[in-house]
1. List the lysines whose Cα sits under 20 Å from the Cα of LYS160, skipping any in the same chain fewer than 8 residues away.
2. Give me the net charge of LEU78's neighbourhood, meaning all other residues with Cβ under 14 Å from the Cβ of LEU78; Lys, Arg count +1, Asp, Glu -1.
3. Give me the number: length gained by fully extending MET176 to SER104, i.e. 0.36 nm times residue separation minus the C-alpha to C-alpha distance, one decimal in nm.
4. So how do PHE66, PHE71 line up by other beta-carbon neighbours within 10 Å, fewest first?
5. Using a 10 Å cut-off around each Cβ, can you sort ILE33, ILE197, ILE55 from fewest to most neighbouring Cβ atoms?
6. Using 0.36 nm times the number of residues separating THR97 and MET232, minus their current alpha carbon distance, what extension gain do you get?
7. Please turn the phi angles of region 57-68 into ³J(HN,Hα) values with the Karplus equation 6.51 cos²θ - 1.76 cosθ + 1.60 (θ = phi - 60°), one per residue in order, whole Hz, x for glycine and proline.
8. Which number comes out as Rg/Rh for region 70-127 once both Rg and the Kirkwood Rh are worked out on C-alpha atoms?
Amino acid sequence: MGIFSRLFKIGQAEANNIVDKLEDPIRLTEQGIRDLKNDLQDSLKALAEVKAMRIRSNADLNRAKFQVKDFEKKAMLLLSKAKEGKMDPAEADRLATEALKRVSQAKENAARAEAEVQKFDSSIAQLESNVNRVKSNITKYENELKTLKARMKVSQATKKINKQLSQVDSSGTIAMLEKMKDKVNEEEALAEAYGDIADASKSVDEEIDSALDVVDAESEDALAELKRKMGME
């Protein structure tokens, strides 16, 4: 095996090694992205549910605050009516007492709802942080996947080229080119030899005529004879 073939084989082996190392990370990254997207959907669903509970608790809080003010106002109105003689004082006291019980219950409800709202606010903040982190990871891994796929294409192209180059010598192409080169050299040498033989086979008469340019001399003599016959000389 020639030095170039050995180099091509080494390059091919390196390309195969790179491809083998890349295939698993690509599959793992694709699976990881799918898992993260599923996690993102779950987190978004949980976030929506917690926000809905927070809205309900906040509505309960507002309703309880309204009831506190409302029953306090009613208790005061009952006592005012008794004071003005528009109502039996004992009945006014009884109803005002019941109104104040409603105030106490409404305050408890308000405290409980406010605690729930604060709890839900904390959960919402944590879930939103998780959602943002998952989104960031998805973007990061998708970019990484693009890079891995690009490297895969380069490695596969390198593998294909190296494979083709490594098979040049084994397929006898180089040997055939060398034989063709030898054949062309042989034909050129043979043509030159035939030329030398052709030059050597000329007769002495041909050589003399060629040297003296006999054809031109004969043409001149014929022209002079024709002029003499025509009386031009």
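Each reported figure results from applying straightforward, stated rules to the coordinates on display, with no laboratory input. Since we're looking at a predicted model, the values are computed, not measured. Every residue, glycine among them, receives a Cβ derived from its backbone with ideal geometry; neighbour counts consider all protein chains shown.
1. In chain and number order, the partners are LYS9, LYS21, LYS149.
2. +1
3. This chain segment gains 15.3 nm when fully extended.
4. PHE66, PHE71
5. The order, fewest Cβ neighbours first, is ILE197, ILE55, ILE33.
6. 31.8 nm
7. Once rounded to whole Hz, the list reads 5, 5, 5, 4, 4, 5, 5, 5, 4, 5, 5, 4.
8. With Rg and the Kirkwood Rh in hand, the quotient comes to 1.35.
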